[in-house]
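A quick write-up on the structure given underneath.
The values are calculated or read from the model by the stated rules, or taken from the named source; none is laboratory data. Small disclaimer: the values here were computed from a predicted structure and weren't measured. Methodologically, a virtual Cβ is constructed for each residue, glycine included, from the backbone with ideal geometry; neighbour enumeration extends over all protein chains shown.
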Amino acid sequence: MGDNITFNYNIDLTWSIVKLIRDKVSSLVESQSEELAYACKMTSSELVENAVKYGCSIDNKKGIEFFFSLGDNEAQIKVSNGVINKTDFENVKAHINEINSSVNPQDLYIKRLNTLLEKPELSQSQLGLYRIAFEGEFLLEYSYNENLNILTVTATKKF
Amino acid sequence: MENFASGALKININIEDKKAFMTWLGQSDSRNPASELNPYLDSLVDELKTAELTIKFNDLEYMNSSTVPPIIQFLKKLNTSEIKTLITYNAESKWQAASFKALETFSGILNYITVKGN
């Protein structure tokens, strides 16, 4: 039975933190298979990118929350952030719901690429969520605490 | 034609005897890659019209999903300009295989663009 690894960190809403998180996760998964290590690194990076770009600090706390855990057969990554406006939150909901209702994440990812090909003016590709599901093979969930205005996106991968 | 360097990303380009080679190196992880990549890649299109282009991603270590839209727009412009383009990626790297294999579906839409893992 392997060791469980958990890492919980309040992080600043600065772009430089994205690489720090990616490097930290890389160090935590370095003994894992290349495929799993990459999936964890990429998923962590993409979720933190979204939080920094579209989120805000959680009230009364510093920045956003990042949680990573790795057990014998499951990896889980959670990012929690404040919500700036309802539209961004509705977009996240819509994309995750679409991903979860699809039987083939690859088809969804390709469909998203085709949308970007046809509409270069799209300012938010949200391709990261599709990439997490297709390339990383993580399952995505979201939860929203309306009282505290906290959105949490959770990515889980069984291996 | 000038090379590109920003943050951890480098793009080298050279052209000789009507064959152009563009190599992506390092990591593309900036917040808004399109703001720098779009003008740079656009600036190359006219000069590439007389050449066949190979774009090599094999040695690119990492790219965030925000890097994909400027790549797609570049491919679209290359195709519109009828520049025969081959994209190569490392087929043994799972992330490259996933990311770039998905672009193979464009071959039916972008007739001048070929994507190949090697």
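Here are some notes:
- Helices (runs of 4 or more DSSP H) wholly inside the stretch A:1-102 containing at least 3 residues that are touching a Ser or Thr at 6+ places or on another chain (Cβ under 9 Å): A:16-28, A:34-54
- Pair list, Cβ under 8 Å, 6 or more apart: the stretch A:95-120 residue over 16 Å from A:ALA155 (Cβ atoms), other residue exposed (fewer than 15 other Cβ atoms within 10 Å of the Cβ) and at pLDDT below 95: A:ASN114/B:ILE109; A:THR115/A:LEU122; A:LEU116/A:LEU122; A:LEU117/B:ILE109
- Conditions (1) in contact with a strand residue (DSSP E or B) (Cβ under 7 Å, 6 or more places away or on another chain); (2) modelled with pLDDT of 95 or more; (3) surrounded by fewer than 21 Cβ atoms within 10 Å (Cβ to Cβ); number of the one not met by B:PHE57: (3)
- Counted residues, the stretch B:61-76 - those being more than 10 Å from chain A (Cβ to nearest Cβ) and under 18 Å from B:ALA51 (Cβ atoms): 1
- Flag for B:SER107 being part of a helix (DSSP H, G or I), of a type in the set (S, T, N, Q) and without any contact (Cβ under 8 Å) to a residue 12 or more places away in the chain: yes
- Residue count, the stretch A:107-131 (criterion: under 18 Å from the mean Cα position of the chain (by Cα) and either more than 7 Å from chain B (Cβ to nearest Cβ) or modelled with pLDDT under 90 (or both)): 7
- Identity of the residue in the stretch A:33-64, touching a residue at least 60 places away in the same chain (Cβ under 8 Å) and away from chain B (no Cβ under 14 Å), that ends up nearest to A:SER125 (Cα to Cα): A:ILE58
- In the stretch B:56-82, the residues that are of a type in the set (Ser, Thr, Tyr) and not in a strand (DSSP E or B): B:SER65, B:SER66, B:THR67, B:THR80, B:SER81
- Among the residues listed as A:GLU65, A:GLU74, the single one being surrounded by 14 or more Cβ atoms within 10 Å (Cβ to Cβ), at pLDDT 90 or above and over 30 Å from B:ILE71 (Cα atoms): A:GLU65
- Scan of the stretch A:132-152 for residues that are hydrophobic (A, V, I, L, M, F, W, C), more than 10 Å from chain B (Cβ to nearest Cβ) and not in a loop (DSSP other than H, G, I, E, B), ordered by number: A:ALA133, A:LEU139, A:LEU140, A:ILE150, A:LEU151
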